[in-house]
Number of protein chains: 2
Amino acid sequence: MVTIKEVAKISGLSVGTVSNVINGLETVSETNKKKVQEVIDRLGFKPSRIASSLSSKKTGNMGIIVPDVSSPFYSEMIKGISETLEINGLNIFLSGSNDNLDKETSLIKNMMYSWVDGLIIVPVYERENEPGILNELKIPVVLVNREIRGVKRDLVVFNNFKGAYNATAYLIKNNHKKIIILSGPKHSRSFEDRVIGFKEAMEEKGLYDGSLVFSCKYSEKSGYGAMHKALGKLQNIDAVFASSDLIALGAIAAIRERGLEIPGDISIVGFGDIYLSKYLNPPLTTIKRPFYNTGKTAVSLLLERISQQRKFSDFKSEPARIIMQDLLEVRKSVKVKSV
Amino acid sequence: MVTIKEVAKISGLSVGTVSNVINGLETVSETNKKKVQEVIDRLGFKPSRIASSLSSKKTGNMGIIVPDVSSPFYSEMIKGISETLEINGLNIFLSGSNDNLDKETSLIKNMMYSWVDGLIIVPVYERENEPGILNELKIPVVLVNREIRGVKRDLVVFNNFKGAYNATAYLIKNNHKKIIILSGPKHSRSFEDRVIGFKEAMEEKGLYDGSLVFSCKYSEKSGYGAMHKALGKLQNIDAVFASSDLIALGAIAAIRERGLEIPGDISIVGFGDIYLSKYLNPPLTTIKRPFYNTGKTAVSLLLERISQQRKFSDFKSEPARIIMQDLLEVRKSVKVKSV
DNA sequence: ATAATAAAATGAAACGGTTCATTGAACCGA
DNA sequence: TCGGTTCAATGAACCGTTTCATTTTATTAT
């Protein structure tokens, strides 16, 4: 491995000068710049990131922590993050927290000791309102998708309320009356917001009723169970608003098992527009969330914060709060009834 | 940030001794081990990975390069990799090559300068038979999923031949005669193998004919186009073997557009068992590939190779070649005809 | 009690860069 | 010609570890 010393020796200049050339400092004469650059090219020298990290205290590594690395949502986001970081010559450290707070904490700590310059985290939601470590970290952190009470950090979230409201309103507009919501886990701000959006749209038309809310976990299995439960309890359900496409998947299976048709007997709207939704039969009408762009946005926020921190080492501007707009993606899983 | 020096000073011992305690060396007396450990615990000290990397030349970072970070296949594999590495306290550097050779090369170089200890790569296939950089890298490398001619590296692949053979044989067994294959991209060893598996199964029953092979790219869009083309050219297609679930997705859409039913009119078998396949209607019969376990396996191979290299610095055993077994996952997209 | 040996602890060099106070050369005006 | 100023280049200190030759301490045999 070629080192800066060899470059210095061969080009007959000092290590300091070579370093200045590498970093584009303007204090080097044109002659020497060229001379050094030639040697660098000839030897194929690239400065070691490790050494440079140690002395400059900037690693160029960003840590990413998501609950599940393989989730269709997050992997889309990771792609956005990864491509954006790459443009800036930065590396990404990826880890999955498995939605487990202890693991998240240990991952964060581990990353701190790997000296990441910044962190993008989709935080575990069950944390008993303890901002804890998230507020204490001394490096820039951007939170994505889930807002944690009491945590003062840059944030990129979706407008879950509006998305749910729109989805529900769309069902109502198409003349559905008895609409249930498969609400997703409690303790999760984003899922709560979806319930509220649902509730608000329903109440506006006097359709709301607490018994229409069925909570379940964020998975197809849980959606499957909840849908069966709903079908058992309630008669004549017109439509289902599943607050996640994953939940919708399970619900669809359950509905079919009862011999009901979609959208003939029951309409369904999902939330999230995962990769597969448009390939389902019928293609799932759902709320689309721009995860790729969310990843990109999170990175810009992070880089912005990092450069700010470097310029004014003690300056802390208010945390940003960026809201990505959800969009109703109309496909075929809702029966369009004319009034 | 607490450093090893402070730990040394406070515990009244030398830096070297503290380092030995950290690394579990047996040359430290029990008394001092305890003393140091206490100070470490009290101060919450953790050695900096950066510093330790620089001096030991082991970073504990592994590079992962896949064509597409968000692909359902690879994100599953990444999960397997990530969870296995984590157990060993190792970090993962993730990047997407976008199936572009130049990008792959530059990613690899970049990782080299970040001093990763090892690399797991799903290589770009279009490389004009140039092993190139892959053979030259001085660190352990494990290739996954795609075999590149002339590259002598540890490898984890699927038995694409057998999978395709089984899928085709299954169709034949169920009394399908006119079976086409949507073959996926050329230049790709894994897709070629699938064609060969298809061909062999067909030939055994005298059913093969070159006109049954339709090549397309690895995407639903391309599968959609190829299926339409096939439907235009050929009459009475009994069944389709799509050499990827993604291709199957497109094919299904095309088949439906022609007013045909699955599996009533045409049966279809996919390849890959992506996340969504079991949720399709009808659920897609497909070849399942254990991507999660493939990730795990790649990691063990890599770690094995790394420790080998550390023990005998010049020792090079033959590259391993692990074949993960594909499995036919029977669902509902094939019409089961009794003969 | 002493020499020989084993075990434990030390501390400086090394890893490969960055940074910055210092030096040296070049230039300018008087 | 000399003092002052500017611009380049230097090289040593530093970042936080590991490593290993050397020194110190403890143990054992005589």
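Out of the residues in region A:276-330 that are in a strand (DSSP E or B) and of a type outside the set (D, E, K, R), state the one that is farthest from residue B:261 (Cα to Cα). Only one residue tops the list, namely A:322. Among the residues of region B:24-58, the ones that are within 27 Å of residue B:116 (Cα to Cα), away from DNA strand C (no atom under 12 Å from the Cβ) and away from every other protein chain (no Cβ under 14 Å) come to 1 in all.
Which residue is farthest from DNA strand D (Cβ to nearest atom), if the candidates are limited to region A:23-59 and must be under 20 Å from residue B:54 (Cα atoms) and of a type in the set (Val, Ile, Thr)?
In this case the residue turns out to be A:59.
When region A:134-161 is filtered for residues that are buried (at least 18 other Cβ atoms within 10 Å of the Cβ) and outside any loop (DSSP other than H, G, I, E, B), the ones remaining, listed by number, are A:134, A:141, A:142, A:143, A:144, A:154, A:155, A:156, A:157, A:158, A:160, A:161.
The residue that is farthest from the other protein chains (Cβ to nearest Cβ), among those in region B:59-69 that are closer than 20 Å to residue B:157 by Cα and of a type outside the set (A, V, I, L, M), is B:67. Taken over region A:162-179, the criterion of being of a type in the set (Lys, Arg) and outside any helix (DSSP H, G or I) is satisfied by A:177, A:178. Screening residue A:105 with (1) at positive phi; (2) away from DNA strand C (no atom under 16 Å from the Cβ) gives one miss only, at (1). Consider region B:92-133 and keep the residues that are facing chain A (nearest Cβ under 8 Å) and in contact with a Pro (Cβ under 8 Å, 6 or more places away or on another chain). The one that is surrounded by the most Cβ atoms within 10 Å (Cβ to Cβ) is B:96.
Could you tell me whether any residue of region B:217-229 is more than 21 Å from residue B:170 (Cα to Cα) and of a type in the set (S, T, N, Q)?
Just the residues of region B:217-229 that are more than 21 Å from residue B:170 (Cα to Cα), to begin with: B:217-226, B:228-229.
From what's left, of a type in the set (S, T, N, Q): B:219, B:222.
Yes - at least one qualifying residue is present in region B:217-229.
Taken over region B:217-242, residues that are assigned to a loop (DSSP other than H, G, I, E, B), at pLDDT 95 or above and either within 17 Å of residue B:164 (Cα to Cα) or among the acidic types (Asp, Glu) (or both) amount to 1. Please verify whether residue A:208 is open to solvent by 60 Å² or more (accessible area, probe 1.4 Å), within 11 Å of chain B (Cβ to nearest Cβ) and among the aromatic types (Phe, Trp, Tyr), treating the condition exactly as stated. Spelling it out, it is not the case that residue A:208 is open to solvent by 60 Å² or more (accessible area, probe 1.4 Å), within 11 Å of chain B (Cβ to nearest Cβ) and among the aromatic types (Phe, Trp, Tyr).
Residue pairs whose Cβ atoms lie under 6 Å apart, separated by 6 or more positions or on different chains, with the first residue in region A:30-45 and open to solvent by 50 Å² or more (accessible area, probe 1.4 Å) and the second more than 12 Å from DNA strand C (Cβ to nearest atom), are A:35/A:11. Taking the criterion of being of a type in the set (Gly, Ala, Ser), more than 12 Å from every other protein chain (Cβ to nearest Cβ) and more than 24 Å from the chain's Cα centre (by Cα), the only residue of region B:242-258 that qualifies is B:254. The set of residues in region B:263-275 being surrounded by fewer than 24 Cβ atoms within 10 Å (Cβ to Cβ) and within 11 Å of chain A (Cβ to nearest Cβ) consists of B:275 alone. The single condition from (1) open to solvent by 10 Å² or more (accessible area, probe 1.4 Å); (2) at pLDDT 95 or above; (3) within 13 Å of DNA strand C (Cβ to nearest atom) that residue B:8 fails is (1).
Taking first residues from region A:7-28 that are β-branched (Val, Ile, Thr) and partners that are near DNA strand D (Cβ under 6 Å from one of its atoms) and not in a helix (DSSP H, G or I), the Cβ contacts under 7 Å between residues at least 6 apart in sequence or on separate chains come to A:17/A:28; A:21/A:28. Residues that are out of contact with any Asp or Glu (no Cβ under 8 Å at 6 or more places or on another chain) and open to solvent by less than 10 Å² (accessible area, probe 1.4 Å) within region B:249-262 comprise B:251, B:254, listed in sequence order. All of (1) of a type in the set (S, T, N, Q); (2) part of a strand (DSSP E or B); (3) within 16 Å of DNA strand C (Cβ to nearest atom) hold for residue B:95 with one exception: (3). Look at region A:276-295 and say how many of its residues are open to solvent by 10 Å² or more (accessible area, probe 1.4 Å), more than 10 Å from the chain's Cα centre (by Cα) and modelled with pLDDT of 95 or more. Count: 0.
With within 9 Å of chain A (Cβ to nearest Cβ), free of Cβ contacts under 8 Å to residues at least 60 places away in the same chain and either surrounded by fewer than 24 Cβ atoms within 10 Å (Cβ to Cβ) or under 21 Å from residue A:86 (Cβ atoms) (or both) as the only criterion, which of B:80, B:89 stands out?
Working: B:80 fails: free of Cβ contacts under 8 Å to residues at least 60 places away in the same chain.
After ruling out the rest, the residue left standing is B:89.
Scanning region B:65-101 for residues that are of a type in the set (S, T, N, Q) and farther than 13 Å from residue B:299 by Cα gives B:70, B:71, B:75, B:95, B:97, B:98, B:100. In the set (1) more than 14 Å from chain B (Cβ to nearest Cβ); (2) within 27 Å of the chain's Cα centre (by Cα); (3) surrounded by 22 or more Cβ atoms within 10 Å (Cβ to Cβ), the condition left unmet by residue A:319 is number (3). Exactly one residue out of B:273, B:265, B:245 is of a type in the set (Asp, Glu), free of Cβ contacts under 8 Å to residues at least 40 places away in the same chain and touching a helix residue (DSSP H, G or I) at 6+ places or on another chain (Cβ under 9 Å), and it is B:265.
The values are calculated or read from the model by the stated rules, or taken from the named source; none is laboratory data. Because the structure is predicted, anything quoted here is derived from the model rather than measured. FYI the Cβ positions are ideal-geometry reconstructions off the backbone, even for glycines, and counts take in every protein chain you see. Surface accessibility is based on the protein's heavy atoms, side chains included, excluding ligands, DNA and RNA. Shrake-Rupley method; radii C 1.70, N 1.55, O 1.52, S 1.80 Å.
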